[in-house]
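The values are calculated or read from the model by the stated rules, or taken from the named source; none is laboratory data. Here the structure is a predicted model, which means the values were calculated and not measured. FYI the Cβ positions are ideal-geometry reconstructions off the backbone, even for glycines, and counts take in every protein chain you see.
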4 protein chains.
Amino acid sequence: MIIVMSKNASRQEIDNVEQKLVELGFKTHPIIGEIKTVIGAIGDKRMMNTHTISSMPGVESLVPIMKPFKLAGKELKQEPTVVDVSGIKIGGSEIVAIAGPCAIESEESFLETARRVMEAGAKIMRGGAFKPRSSPYSFQGLEEEGLRIMAAAREQTGLKIVTEVVDTRDVEMVSSYADMIQIGARNMQNFRLLHEVGLTSKPILLKRGLAATIEEWLMAAEYIMAAGNENIVLCERGIRTYETSTRNTLDLSAIPVIKELSHLPIIVDPSHAAGNWKYVSALSKGAVATGADGLIIEVHLDPPNALSDGPQSLRPAKFAQLLGEIQPIALAVGRSISTAKV
Amino acid sequence: MIIVMSKNASRQEIDNVEQKLVELGFKTHPIIGEIKTVIGAIGDKRMMNTHTISSMPGVESLVPIMKPFKLAGKELKQEPTVVDVSGIKIGGSEIVAIAGPCAIESEESFLETARRVMEAGAKIMRGGAFKPRSSPYSFQGLEEEGLRIMAAAREQTGLKIVTEVVDTRDVEMVSSYADMIQIGARNMQNFRLLHEVGLTSKPILLKRGLAATIEEWLMAAEYIMAAGNENIVLCERGIRTYETSTRNTLDLSAIPVIKELSHLPIIVDPSHAAGNWKYVSALSKGAVATGADGLIIEVHLDPPNALSDGPQSLRPAKFAQLLGEIQPIALAVGRSISTAKV
Amino acid sequence: MIIVMSKNASRQEIDNVEQKLVELGFKTHPIIGEIKTVIGAIGDKRMMNTHTISSMPGVESLVPIMKPFKLAGKELKQEPTVVDVSGIKIGGSEIVAIAGPCAIESEESFLETARRVMEAGAKIMRGGAFKPRSSPYSFQGLEEEGLRIMAAAREQTGLKIVTEVVDTRDVEMVSSYADMIQIGARNMQNFRLLHEVGLTSKPILLKRGLAATIEEWLMAAEYIMAAGNENIVLCERGIRTYETSTRNTLDLSAIPVIKELSHLPIIVDPSHAAGNWKYVSALSKGAVATGADGLIIEVHLDPPNALSDGPQSLRPAKFAQLLGEIQPIALAVGRSISTAKV
Amino acid sequence: MIIVMSKNASRQEIDNVEQKLVELGFKTHPIIGEIKTVIGAIGDKRMMNTHTISSMPGVESLVPIMKPFKLAGKELKQEPTVVDVSGIKIGGSEIVAIAGPCAIESEESFLETARRVMEAGAKIMRGGAFKPRSSPYSFQGLEEEGLRIMAAAREQTGLKIVTEVVDTRDVEMVSSYADMIQIGARNMQNFRLLHEVGLTSKPILLKRGLAATIEEWLMAAEYIMAAGNENIVLCERGIRTYETSTRNTLDLSAIPVIKELSHLPIIVDPSHAAGNWKYVSALSKGAVATGADGLIIEVHLDPPNALSDGPQSLRPAKFAQLLGEIQPIALAVGRSISTAKV
């Protein structure tokens, strides 16, 4: 950590800061410049309260040298983490396709969708039983009945299932059904929920918050890992910007940045990012070429009659075609992907 | 609602959309332009699933004419809401100052701070017992012990108390102590938590999400109101932008916009917005002149030793001086504010 | 265009708006809803001043139905435009690589770089002779001497040359040397400069502004086209967001959105977007898979000694390797790209 | 400047960086941490090319300690600058109101508006003769005829005049008419134009770019000052964010931040920020209470018939009322403002 003293800081103020740093366990190295003094402080700031320093008289700013995350970063673990979702590996050489409707609407349609996306090459089925909707008047999900339907789909198709949890009180129930638990974008900084899913042994799909920095996202992973659960898959799903021609702005740069900073796998959700099925194919291909470890795509049998997110859903046939088109791109970047057997 | 058909939409597609609208209970008015057809649909879209329409073949976009919120808007209630916090009125002619430390650290310091901010003119005391911290290694609050300390401060000073709840499981406990419950920025779209506090009878301080639009913010209020609790005070606390010279960008325009769209009162948190105590005075004055119904300001006896948010906290003497400086501004906009008796 | 009247609009106000619309040449279709009246107005708003309407008493908002651009859109021209840069086609089946240093620093290094990128497969050479630098104390470019060096490189290698113009007074000089003229991000809304390059017959490389919407970007193209020059290649180079781990956020969604809205070709600049050479390969691959018509990449013989943008520059060998890795991706999306002969 | 070496940097790489720093004239202070080494470099980086360092092997990042601006900052000049616009002082104790229409439309209406805003208390008249419009089909201004009309208004009313220049070729002409030259938001990084107006002796009104950081804005001022013109008034006019309920998000925090970093005066344009006349009064009051040195407000005799920006324009009577309401706020913050004589 570097402490930058203001140009008017007195000798006494500089001494006070150094002394405080020493008290906090740092080794200090003051550098007296022509205009300002800066103090290098050696030690691990992650476990201590640096606000103490930044409020001291004469301090202009603190510059962290170390990243604030530890378990999610590469210091302690260099090799990529491969997360095992009931036998399906995310982060290995195979790119994993996750697909399904935004919300589970009925058993019949969900089972039919499951069959179709499984045939297309998907390995994991998505579906919302608890839906965080921006209006209290919108369909909020089938809740436990939805989880039961997902389990039935798993039994019939062999697909693994991932579903979102939105309340600490539901974590136990959701984890008793699901193979993988999703933390949605709106809950990325619901720290209690992060802690609670960190206490389970299920793999976690951690979506990036709507306006979260990559560092905040990795700190959310750190919360889960600090609670004991290291099976985390990150999911880039678009960030909020001023641009309105897509629902969010898909930040594919996050893929190489995450690969640089962390050992965790990262997948991409082009459906929520674009908010428009027309752009899903192009962005899926882009994501795979950029290095994504998987895709999570909304697929609905009949988008115009979907209870949620119809406009961004692909039909099963289009989804199958997309996986086929992705295959040569996956191969071009040294990966593979399952596609429909023809 | 207006449905814009794409310029290539067929006669059949247009007819299908009209028919679907009629099924959904709308009256339709097609307008056939030179290039595109648009269909006016009369009825209340808030209770229905408009995705159904936007995914239909030939539909380019939907344009909502009505705002999605109902209880939070002015359609049903024109006059401003005045929220009563155990006798303190927010939204009336008096501008209410809320003050206190970010986190409750000890009984002694909290009681002393309470005494000081009460003397300065504050009517409500803030303090965090459950802290949503971005690092799992940071101080997370004293939890119920913190609530007990707050209650003791209320008893000794007469100040009302507001504190944040971060978990549905804690709502009952927090509401048994607090006069007002805070929903923090990170939980503005934690819909389960919104619903849960909506079931209590306590006034709610609803902070704007880090990257929430004003419409989303009012929809969060709608969630609470739809659950039965109409005592909501909105709190603007800065939004995330590209600018880094302040922690967030305080959006004071939100004040007149909220006054235009809603009957709910709105207060401003300049401390979290600026992230730097140096800017708190200027922004507090600006907020009052712009029309804020109150201020919530971080005050700490000894900012350099605060366990959280020290850099943005004012000392009690500075806070008292600020309220004194605000008084003539409050008068200039036809309001009043309590200040230290001198 | 749809005019939404406020819910308190009087009969007289509604009549006045209708009458004004008729005066302006629109056909009107009022729709009287339960709460609000909306007026459909048929006609082309692009040539008229709609502010007239939006300021009239009782008007709540205007909703445009038609896009504001005409020449840049698909209404008048459906088939993709292929721009010819002295024989090199951008927008056809071949993906074109443009490469070179940020700034031209010396004849020797530029010629050597030209030879190397040409061997790697680049078709067009980039290089800045006039540099828009954020500090007045930074190197501002070699100006006409730089243009002369570029022309020499073209003569020796056969590469075509693209370079930026930053002042209306230089357009004639720059166009006398360059095969293609670049409008940089900071000048995307320098409308006089857009008009001036629109008067030349040179192809224009129009970079997206730092915080420009896609619609504003196409309006900038419209300015050039309205002046008579239809040879425009758009270039996505990252937009400004709150995320700081990359210099800008590369918006690859812009590719399918532009393909939906416009007939103009679009290329991608991963170097300026990322601001870090480590991310350039991944993003280049992502761009090609998403559908980009070309890439513009910063290449420098010795990045640590570059006078500008060294951190984001690739060395020639790395650039050659990248084009080789892109080739199978290009083929996977039905395109081709030139690579080093091995 | 602090150079942070990556945790894998070799001894040789660290030595190379130190040696390079020494060559560049820095004194170096390496600090060897447990995991990373950082090198403190003492000297003024503003005049040198730091990219050289950041591209060297083993370098992770550079942390500037000094601000990049020199003339615009407070190092060399502590006391506030008061800019003299033909006798009107901006930055002193009086808050200056600038008013007028977006575009000059006709002599008659402009003279009438001038008379009205002068009576209301305005000291300087604004009006666009060269309009940067986002559509090539919109009214682009009366050009020199507009400047002539402005000069006539000055003669009749005594108001000083400020108008925008958008092309380096027009700087001489505009400065021959105007008392103050405006650089608009879109041209804040048109460095050639900044340099050109820096060569004149006229005061410059420098609007903040649409997505400019405060540091970039001060660097734009630095460009003008480096060319020899130190008479600069900054103008905050809203920045681009994701929020759409106002045209831009007015960043009033910029006022105390600028006062902290710079000696230059700062005024506020609430009209362009809000894009809606309804919010102009509240924001004007907020700006003055926050510490603005002036206001620039769009005033039009007949907003519904304005050729540009009608929706955000006040009528003269409303403007006069506003200045009257601002007066007690100005007094409350120790300033004054001229208002209509009653």
### Message
Take the residues in region C:210-224 that are facing chain D (nearest Cβ under 8 Å) and in contact with a helix residue (DSSP H, G or I) (Cβ under 8 Å, 6 or more places away or on another chain); name whichever of them is surrounded by the fewest Cβ atoms within 10 Å (Cβ to Cβ).
### Response
C:210
### Query
Which one of B:143, B:216 is more than 16 Å from residue A:186 (Cα to Cα) and acidic (Asp, Glu)?
B:143
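Just to be sure before I move on: is residue A:271 touching a residue at least 40 places away in the same chain (Cβ under 8 Å), in contact with an Asp or Glu (Cβ under 6 Å, 6 or more places away or on another chain) and closer than 15 Å to residue A:319 by Cβ in the structure I sent? Don't jump to the end; show me each part of the working.
Values: touching a residue at least 40 places away in the same chain (Cβ under 8 Å): yes; in contact with an Asp or Glu (Cβ under 6 Å, 6 or more places away or on another chain): yes; closer than 15 Å to residue A:319 by Cβ: yes.
Yes.
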### Task
Would you mind stating whether residue C:53 is away from chain D (no Cβ under 11 Å) and touching a strand residue (DSSP E or B) at 6+ places or on another chain (Cβ under 7 Å)?
no
### Query
What's the number of the condition residue A:281 fails, among (1) within 14 Å of chain B (Cβ to nearest Cβ); (2) more than 13 Å from the chain's Cα centre (by Cα); (3) modelled with pLDDT of 95 or more; (4) farther than 24 Å from residue A:83 by Cα?
(1)
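Conditions tested, residue by residue: (1) of a type in the set (Asp, Glu); (2) closer than 30 Å to residue A:257 by Cα.
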position	(1), (2)
A:84	yes, yes
A:98	no, yes
A:103	no, no
A:129	no, no
A:134	no, no
A:140	no, no
A:164	yes, yes
A:174	no, no
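Residue by residue, here is whether (1) under 27 Å from residue B:277 (Cα atoms); (2) surrounded by 17 or more Cβ atoms within 10 Å (Cβ to Cβ) holds:
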site: A:7; (1), (2): yes, no
site: A:36; (1), (2): yes, yes
site: A:41; (1), (2): yes, yes
site: A:53; (1), (2): yes, yes
site: A:78; (1), (2): no, no
site: A:82; (1), (2): no, no
site: A:89; (1), (2): no, no
### Query
Looking at (1) under 17 Å from the mean Cα position of the chain (by Cα); (2) at pLDDT below 95; (3) more than 14 Å from chain D (Cβ to nearest Cβ), which is the only condition residue C:132 fails?
(3)
### Query
Looking at residue D:227, is it farther than 30 Å from residue C:54 by Cβ, aliphatic (A, V, I, L, M), without any contact (Cβ under 8 Å) to a residue 40 or more places away in the chain and touching a Gly at 6+ places or on another chain (Cβ under 6 Å)?
yes
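Considering every residue within region D:124-143, establish whether at least one is touching a Leu at 6+ places or on another chain (Cβ under 7 Å) and surrounded by fewer than 24 Cβ atoms within 10 Å (Cβ to Cβ).
Taking region D:124-143 first, the residues touching a Leu at 6+ places or on another chain (Cβ under 7 Å) are D:124-125, D:129, D:139.
Then drop every residue that is not surrounded by fewer than 24 Cβ atoms within 10 Å (Cβ to Cβ), which leaves D:139.
Scanning region D:124-143, I find at least one residue that is touching a Leu at 6+ places or on another chain (Cβ under 7 Å) and surrounded by fewer than 24 Cβ atoms within 10 Å (Cβ to Cβ), so the answer is yes.
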### Selection within region D:149-190 - of a type outside the set (A, V, I, L, M) and closer than 12 Å to residue D:206 by Cβ
D:164, D:182, D:184, D:187, D:189, D:190
### Residue match in region A:313-330 (condition: facing another protein chain (nearest Cβ under 7 Å) and either closer than 28 Å to residue C:245 by Cα or at pLDDT 95 or above (or both))
yes
### Message
Return the residues of region D:231-263 that are touching a residue at least 60 places away in the same chain (Cβ under 8 Å), under 29 Å from residue A:6 (Cβ atoms), more than 9 Å from chain B (Cβ to nearest Cβ) and touching a helix residue (DSSP H, G or I) at 6+ places or on another chain (Cβ under 8 Å); say none if nothing qualifies.
### Response
D:232, D:262
### Message
Regarding region B:35-49, can at least one residue be identified that is basic (Lys, Arg), within 8 Å of another protein chain (Cβ to nearest Cβ) and within 28 Å of residue A:301 (Cα to Cα)?
### Response
yes
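Yes/no matrix, rows are residues, columns are (1) of a type in the set (Ser, Thr, Tyr); (2) closer than 30 Å to residue B:228 by Cβ:
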site	(1), (2)
A:58	no, no
A:98	no, no
A:111	no, no
A:124	no, no
A:127	no, no
A:135	yes, yes
A:139	no, yes
A:142	no, yes
